[in-house]
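Participant: Here it is, the structure, as structure tokens.
The values are calculated or read from the model by the stated rules, or taken from the named source; none is laboratory data. These numbers come from a predicted model, not from an experiment. Positions of Cβ are generated from backbone atoms using ideal geometry, with glycine treated the same way; all protein chains shown enter the neighbour counts.
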Amino acid sequence: MKALPDWAFTAAVAFCGFAFFAIAHATGNAIWTDVASRILVYGLAAVSLDILVGYAGMVSFGHAMFLLCGGYAVGILAREGLVSGFIQWPVAMIVSGLLAALIGPLVLRTGGVYFILLTLAFSQMLFFLFTGFSRYGGDEGLQVYPRSEFIRAVDLSNPDTLFIVVLLVVCVALYAMQRLAKSPFGLVLKGCRQNEKRMQALGYQTFRYKLLAFVIAAAVCGLAGAMLANVTGFVSPEYGSWQRSGELLVMVILGGMGTLRGPLIGAIFLLMLEHVLSEQTEHWPLLLGVLLVLVAIYLPNGLRTVSVLFRRQSNVS
Amino acid sequence: MSLFLEQCLNGIQISLLLFLMASGLTLIFGIMEQINLAHGSLFMLGAYFSVLFQQLFGSFALALVLALGVTFIIGIILEVLVFRRLYGREHLLQVVATFGLILIFNELVRIFWGVAPQYSAIPKALSGAISLGWLDYPSYRVAVIGVSLLTAIGLFVLIQKTRLGMLIRAGADDRNMVGHLGVNITVLYTVVFGIGAALAALAGAMAGPLQSVRPGMGEQILILTFVVVVVGGLGSIQGALVGSLLIGMADTLGRAYLGSALSFILPPAAASGLTNALSSTFVFVIMAAMLLLRPRGIFARSQR
Amino acid sequence: MSLEKPVLSVQNVSKSFGGVQANRDVSLDVLPGEVHALIGPNGAGKTTLISMLAGEVTPNDGAIYLDGHDVTGLNAPQRAKRGIRRSFQITSVFAELTVLENATLACQALSGRATYRTWRPIAADRQLRDSSLAALDKVGIAALADRPAAALSHGEKRHLELAMALVGEPRLLLLDEPFAGMGADETSEMVERLRKIKGTTAMLLIEHDLDAVFSLADRLTVLVLGTPVATGDPDSIRSNAEVHAAYFGKKPVTPC
């Protein structure tokens, strides 16, 4: 069987996105686009986390700190009068990457459980840091006003335009992640997850690769944060709460880690589930909690069992 | 001067509560290699059960004991139903499962007690203050320090002097060895988990009157506990003690004095802005500094 | 004995863990092209010594030289790049990757910067693919290239490990029980494979299968309680009284 080209997955996402957009408008449910934008943004954040968890085997429980970082980059720049998205969004990525480069050497010095606890601790540190910044709203948060400005025809305060922009950016980012997964660097990360000691015996300074992966994942998540700030029109320290980090991890697990489509599916599943459950009962976190315990015990691979079959097929080239 | 002493005593009191949390967490990790995010939930349950039993029986001491007992049993049930199935599995799964448990417990508490904070009263006998020479210090806090200290000493005696303690030490050193000693590991694990849960509940029940009892109260102390075990060294009881003292004192004194320290260096406006942000993150700065010096904590277990 | 400069020279190396002395004052040489075997009873410190040579464990004392250069302060990846490669006692191939990908990881480790590339697909690199296939071919498993490594038999996995260790013509090959867990047929196949490589690269191997060791090694060093008690060619080791006392338990070994 011939393998699908690299861009097929990205094209599929773009196609589904536009199809959804058309259907939502045709059926008079334009309001759906807001939810869809949110799903895409969280999906991208989850994919960036999967680069760490599923490829490099680095379980981060603080990945949402980069959502916070990217969100505040946009919020603060907008507050200070710098509204161009061409500057805001790259700044969001760079600042998130720099933050990762700063704490990376600390959290990576020791592996395994320490990495989990330390990423959590540093994300909490950032959380508390921003609750104390009264100039930027403290724990009340900060209105993102105005939205990021690109060219005049693109007005992000219009949910439809925003959706299209988010969809395009997410597709470009997904394609880049796809390239990364199949690159020499991607193979090194897979090796690190499976047997780090063996990698070192082969001559890899695994620390450097893991640090680079940490920085890349942070930058991509920072981009997601910049978009989330535009989708919600608001940033607050809650962007980086440990619950948010936990949810990102859940998306990766549910969809099946080590693939790119997995976290996207996980994001759709989790956000739709929350949407549906929260309309039924205010105590929906209880049901989600039970689901997570059951998944961890009985379905450790999430939907990965299914996706492995797909991967087998696409690998035969 | 007396204010400083009072802050120090507060710091010690918080440190000891942290130790009760950290010792359980570090034992569970050291012996079962299990990462438990829901340890804070057991703290919260301890506080809520203590409030419940106070309302039912009117006695703080009885409520404390009952809360301990009930949480011990809940800990055992959790171990049997959930944790036992996760030993030796990827840490990722343990994280997801215990994240799920946090959601469950927070929501159950909301269902039974609502979102409004509950107030746990200070027992009458301890509502006054004790004169300590320079200052009058609340008797209740003195009692908390006393009980925590006794528990900590009891824990060390248990670990150093008893057969159970010998097994716990052996398990923390080399998990495979315990199996060779012909010990029923399953029971050992369950008991250790129960003890950890009871310690967390004790901390929660005693912290109840000092803070509001509300859903999610466990997470704040959980994060500090993580910082403690990271600084002290995962799996080490001595590390938990030293880490608790370091972090508890740093947190209390940082919140109290960072502002005045900063105002020496910076203009007032900048200082007050920074103080808010820095006083709540001070412990993390300490943690980062400690990590540079000792990446695996003060009492790091050898890697072999 | 030849006057060639040794590939590996270990000088007075010691290591203890806590209170346990794993190696004490170990000195030994490995000459170019020779197969040097480390034997000794369980707990003699063989595995610790190999780990120190590979750079995974730092000695408390002493120095390690590769081709006359002090490598004591280098970590495992640095030593691997200098040409010290190892195989593991417990088979450690990357089970979720294909056989070819396993070999590719070994090949591109030596290419430096290219491993930081995040854009160009690995499949586009023909040269890398060819050298990876060549590495597999060297141990006769090129036909298995597209199989997942997890699907290989134990013997095939050991061969894959050997192929990965042999990439880039290492100066020194550290083999930690290369015949562990193998049946008689697989063992003799592996002995043949190593005999073919013999002479092209120096090897230091730990092994419990004494028949295989004596048939393969040029020289042997006997470790007892972390210290070498004898070094010499197979015949002299067989007849060494001290070795018998400490290791074989008085009774002379009859060659088979």
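Participant: Take region C:63-95 and flag every residue that is of a type outside the set (G, A, S) and out of contact with any strand residue (DSSP E or B) (no Cβ under 7 Å at 6 or more places or on another chain).
Facilitator: C:D67, C:H69, C:L74, C:N75, C:P77, C:Q78, C:R79, C:K81, C:I90, C:T91, C:V93, C:F94
Participant: Shifting gears a bit: Tally up the residues in region C:227-236 that are free of Cβ contacts under 8 Å to residues at least 60 places away in the same chain and surrounded by 12 or more Cβ atoms within 10 Å (Cβ to Cβ), please.
Facilitator: Selection size over region C:227-236: 6.
Participant: Has region A:74-93 got at least one residue that is within 10 Å of chain B (Cβ to nearest Cβ), farther than 20 Å from B:V95 by Cβ and not small (G, A, S)?
Facilitator: For region A:74-93, residues within 10 Å of chain B (Cβ to nearest Cβ), farther than 20 Å from B:V95 by Cβ and not small (G, A, S): absent.
Participant: Applying the selection to region A:289-316, what residues are of a type outside the set (S, T, Y), crowded, with 18+ Cβ neighbours inside 10 Å and modelled with pLDDT under 75?
Facilitator: A:G302, A:L303, A:R304
Participant: Also: Of all residues in region A:73-90, how many are surrounded by fewer than 19 Cβ atoms within 10 Å (Cβ to Cβ) and within 20 Å of A:G141 (Cα to Cα)?
Facilitator: 5
Participant: Now a separate question. So for region B:41-49 (the condition being assigned to a helix (DSSP H, G or I), within 10 Å of another protein chain (Cβ to nearest Cβ), under 21 Å from the mean Cα position of the chain (by Cα) and of a type in the set (S, T, N, Q)), does at least one residue qualify?
Facilitator: No; the residues of region B:41-49 include none that is assigned to a helix (DSSP H, G or I), within 10 Å of another protein chain (Cβ to nearest Cβ), under 21 Å from the mean Cα position of the chain (by Cα) and of a type in the set (S, T, N, Q).
Participant: So which of B:V144, B:V178 ends up being modelled with pLDDT under 85 and buried (at least 17 other Cβ atoms within 10 Å of the Cβ)?
Facilitator: Of the residues listed, the single one that is modelled with pLDDT under 85 and buried (at least 17 other Cβ atoms within 10 Å of the Cβ) is B:V178.
Participant: Now, a different point. Out of everything in region C:167-186 that is farther than 10 Å from C:A103 by Cβ and among the aliphatic types (A, V, I, L, M), what residue ends up being nearest to the other protein chains (Cβ to nearest Cβ)?
Facilitator: Looking at the filtered set, the residue picked out is C:L174.
Participant: So, restricting to helices (runs of 4 or more DSSP H) that lie completely within region A:86-198, which ones have at least 3 residues that are under 30 Å from B:M32 (Cβ atoms)?
Facilitator: Qualifying helices (runs of 4 or more DSSP H): A:113-131, A:184-194.
Let's see how each residue does on (1) surrounded by 21 or more Cβ atoms within 10 Å (Cβ to Cβ); (2) in the same structural domain as C:G55 (by TED's automatic domain parsing):
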{"site": "C:A145", "(1), (2)": "no, no"}
{"site": "C:L162", "(1), (2)": "yes, no"}
{"site": "C:L175", "(1), (2)": "yes, yes"}
{"site": "C:G183", "(1), (2)": "no, yes"}
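Participant: Scan region C:114-140 and report the pairs whose first residue is under 20 Å from A:Y209 (Cα atoms) and whose second residue is modelled with pLDDT under 85 and among the polar types (S, T, N, Q), with Cβ atoms within less than 6 Å and a gap of 6+ or a chain change.
Facilitator: none
Participant: Which of (1) crowded, with 17+ Cβ neighbours inside 10 Å; (2) closer than 26 Å to C:D209 by Cα; (3) not hydrophobic (A, V, I, L, M, F, W, C) does C:G168 not meet, given it meets every other one?
Facilitator: (2)
Residue by residue, here is whether (1) touching a Gly at 6+ places or on another chain (Cβ under 6 Å); (2) surrounded by fewer than 19 Cβ atoms within 10 Å (Cβ to Cβ); (3) more than 10 Å from chain A (Cβ to nearest Cβ) holds:
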| position | (1), (2), (3) |
| --- | --- |
| B:G216 | no, yes, no |
| B:S244 | no, no, yes |
| B:I247 | no, no, yes |
| B:R255 | no, yes, yes |
| B:P268 | no, yes, yes |
| B:V285 | no, yes, no |
| B:L291 | no, no, no |
| B:F299 | yes, no, yes |
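Participant: Take the conditions buried (at least 17 other Cβ atoms within 10 Å of the Cβ), modelled with pLDDT of 90 or more, within 14 Å of chain B (Cβ to nearest Cβ) and in a helix (DSSP H, G or I) and apply them to A:L286. Does it pass?
Facilitator: Judged against the criteria, A:L286 is a match.
Participant: A:T232 passes all but one of (1) surrounded by 22 or more Cβ atoms within 10 Å (Cβ to Cβ); (2) over 18 Å from A:L49 (Cβ atoms); which number fails?
Facilitator: The single condition A:T232 does not satisfy is (1).
Condition check ((1) of a type in the set (S, T, Y); (2) over 26 Å from A:Y114 (Cα atoms); (3) in contact with a Ser or Thr (Cβ under 9 Å, 6 or more places away or on another chain)) across all residues:
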| site | (1), (2), (3) |
| --- | --- |
| B:S236 | yes, no, yes |
| B:G248 | no, no, yes |
| B:S263 | yes, yes, yes |
| B:L274 | no, yes, no |
| B:A277 | no, no, yes |
| B:L292 | no, no, no |
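Participant: Kindly indicate whether B:G128 is without any contact (Cβ under 8 Å) to a residue 24 or more places away in the chain, more than 25 Å from A:H283 (Cα to Cα) and either surrounded by fewer than 16 Cβ atoms within 10 Å (Cβ to Cβ) or within 14 Å of chain A (Cβ to nearest Cβ) (or both).
Facilitator: The answer is yes for B:G128.
Participant: Identify, from the list B:I145, B:I159, B:I153, the residue that is assigned to a helix (DSSP H, G or I), within 12 Å of B:L9 (Cβ to Cβ) and within 23 Å of the chain's Cα centre (by Cα).
Facilitator: After ruling out the rest, the residue left standing is B:I145.
Participant: Please pick out the residue among C:T72, C:T47, C:T91, C:T98 that is β-branched (V, I, T) and facing another protein chain (nearest Cβ under 8 Å).
Facilitator: Criteria check complete, one pass: C:T98.
Participant: Pick out the one residue from C:R85, C:R120, C:R129 that is within 12 Å of chain A (Cβ to nearest Cβ), surrounded by fewer than 18 Cβ atoms within 10 Å (Cβ to Cβ) and not in a helix (DSSP H, G or I).
Facilitator: From the options C:R85, C:R120, C:R129, the qualifying one is C:R120.
Participant: Name the single residue that is nearest to the other protein chains (Cβ to nearest Cβ) among those in region B:54-76 being out of contact with any helix residue (DSSP H, G or I) (no Cβ under 7 Å at 6 or more places or on another chain) and part of a helix (DSSP H, G or I).
Facilitator: B:I73
Okay, residues lined up against (1) within 14 Å of chain B (Cβ to nearest Cβ); (2) farther than 30 Å from C:I84 by Cα; (3) of a type in the set (K, R):
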position	(1), (2), (3)
A:T206	no, no, no
A:L228	no, yes, no
A:T281	yes, yes, no
A:L292	yes, yes, no
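Participant: I've got another one for you. Condition check: surrounded by 24 or more Cβ atoms within 10 Å (Cβ to Cβ) and either over 18 Å from the mean Cα position of the chain (by Cα) or at the interface with chain A (Cβ under 7 Å from one of its Cβ atoms) (or both). Does C:A106 satisfy that?
Facilitator: For C:A106, the condition - surrounded by 24 or more Cβ atoms within 10 Å (Cβ to Cβ) and either over 18 Å from the mean Cα position of the chain (by Cα) or at the interface with chain A (Cβ under 7 Å from one of its Cβ atoms) (or both) - is met.
Participant: Output the residues belonging to region C:143-168 that are part of a loop (DSSP other than H, G, I, E, B) and free of Cβ contacts under 8 Å to residues at least 40 places away in the same chain.
Facilitator: The one that is part of a loop (DSSP other than H, G, I, E, B) and free of Cβ contacts under 8 Å to residues at least 40 places away in the same chain: C:S153.
Participant: Using the structure shown, decide if A:A218 is at the interface with chain C (Cβ under 10 Å from one of its Cβ atoms) and assigned to a helix (DSSP H, G or I).
Facilitator: Spelling it out, it is not the case that A:A218 is at the interface with chain C (Cβ under 10 Å from one of its Cβ atoms) and assigned to a helix (DSSP H, G or I).
Participant: Only one of B:E6, B:E79 is modelled with pLDDT of 90 or more, touching a Phe, Trp or Tyr at 6+ places or on another chain (Cβ under 8 Å) and assigned to a helix (DSSP H, G or I); which?
Facilitator: Exactly one of B:E6, B:E79 is modelled with pLDDT of 90 or more, touching a Phe, Trp or Tyr at 6+ places or on another chain (Cβ under 8 Å) and assigned to a helix (DSSP H, G or I), namely B:E79.
Participant: May I ask you to say which residue of C:D185, C:D137, C:D130, C:D176 is under 22 Å from A:N195 (Cβ atoms) and of a type in the set (D, E)?
Facilitator: C:D176
Participant: Let me ask something else. Pairs only if they're at least six apart or on different chains, beta carbon under 7 angstrom, first in region A:150-174 and among the polar types (S, T, N, Q), second crowded, with 21+ Cβ neighbours inside 10 Å; list them, first residue then second.
Facilitator: A:S157/A:R147
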